[in-house]
Amino acid sequence: MEIWQIPDTLANKIAAGEVVERPASVVKELIENSIDANSSWIRVEVEEAGLQSIKVVDNGRGMSETDAEKAFLRHATSKITQESDLFRVTTLGFRGEALASIAAVSRLKIKTSQGDGAGTWLSIEGGEISDRSKSDARQGTEIIVDDLFYNTPARLKYMKTIHTELGHITDLLNRLSLSHPGIRFEAVHNGNQLFATAGTGDRLQVISQVYGMSVARKMIPIHRDTLDFSINGYIAKPEVTRASRNYVSTMINGRYIRSMQLSQAIIKGYHTLLTVGRYPVVVLNIDMDPVLVDVNVHPTKLEVRFSKDKELFTAIEGAIRDAFRQISLIPEMEEEQ
Ligand code: ADP
Ligand code: MG
């Protein structure tokens, strides 16, 4: 047997298998980078549900020429600098593998500038820089990902229909805009506008843009602070239900996450107000000390682990019940007879 160390380009391609499952994963990683770069405006343009092309443009802080090249190296990040940072992650990214992974399985172009009069343009093919030049110096970053999975035919073959892939992208854009009401999002598919948000910071307005005015009108604001958590968001009155859990969006410190247990706690908060098989529309953000949540569970960072999970679920369930009590949908407890 002969052992060899695989080169970085191959290692990136292997890592891409975990990070870049489908076009929507690319959109997620690029937008999260734009958010981490403090953008107040993010525009997404996709062709053929992203299988042909994905473009994300932002007005964030941009990168210098050297950083623009370094950004595509494996495990290259500006977001954590030491081991202990891993336990208090405050940015959406931190693993430093998204750009390297995406670039390994596509033809990518990047234009970036810090607004200091200089701009960088790079072309990267299958993970290798194939061309470089100066670009205009509009502050921000523009990344174009063409021909995703062109060099991983097995993955490409696995892609579903345009309709399904676009569904994943739309779902993701909805959640990202719901988690970041202060950012103006624009999304275009094959030249047609998918949606746009105003970026005023008003979450109810984004709910209205995403789910429609009639749903937004039926939302109740909820707010609860405990020692460890600050719970904020909107829950739909029980008369507004859906046939799937997909309309329950949960965020931790502004990061959209998927958690069966969190949705379960929310649904328990509705108590008997929901009929079996029906689910509510909920948008909930929970702020907590980053020490209390481990986001380093999976490369896609969609799942997290809570160190005070029981306390969290009890607080959420209680916050929802109280909100309904206040509008008299659940009778007061009979403690004070
Ligand atoms: P991570 O987000 O985990 O740090 P990425 O591979 O996604 O890793 O990005 C690598 C680095 O490139 C980031 O840490 C950041 O410094 C830089 N970067 C990526 N996208 C942008 C952007 N849109 N604007 C400014 N900097 C960016
Ligand atoms: Mg990232």
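No value in this document is a laboratory result; all are computed from the given coordinates. Given the structure is predicted, the values throughout are model-derived calculations rather than measurements. Neighbour counts run over all protein chains shown; Cβ positions are idealised from the backbone, glycine included.
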Practice task
Averaging sequence separations of C-alpha pairs under 8 Å and six or more residues apart, then dividing by the length of region 8-196, give the relative contact order as a whole percent.
Solution key: 27 percent
Exercise for the section: Would you work out the relative contact order for the chain, in percent, from Cα pairs under 8 angstrom that are 6 or more residues apart? Expected result: 15 percent
Handout entry: FRET efficiency, R278 to L204 (Cβ-Cβ, R0 22 Å, nearest 0.05)
Key = 0.45
Problem - Cβ charges +1 (Lys, Arg) and -1 (Asp, Glu), total dipole of region 8-196, debye - result: 200 debye
Practice task
Check each of the trypsin sites (Lys or Arg not before Pro) in region 1-64 and keep only those in coil by DSSP with at most 12 other C-beta atoms within 10 angstrom; list them in order.
Solution key: none
Exercise for the section: Round to the nearest 10 and give me the degree value, 0 to 90, for the angle of helix 8-19's Cα axis relative to the longest principal axis of the chain. Expected result: 20 degrees
Practice task
Give me the lysines in straight-line cross-link reach of K301: C-alpha distance below 16 Å, same-chain residues under 8 apart excluded.
Solution key: K28, K79
Handout entry: Integer Hz, Karplus 6.51/-1.76/1.60 couplings in order for region 211-222, x for Gly and Pro
Key = 9, x, 5, 5, 6, 4, 5, 9, 8, 10, x, 10
Practice task
Would you mind telling me the antiparallel percentage of the DSSP bridges in region 46-141, rounded to 5?
Solution key: 100 percent
Handout entry: Whole-angstrom Cα spans of region 203-326 along principal axes, big to small
Key = 38, 29, 27
Fill in the blank from the handout: Dividing the mean separation of Cα pairs under 8 Å (6+ apart) by the residue count of region 203-326 yields a relative contact order in percent of 28 percent
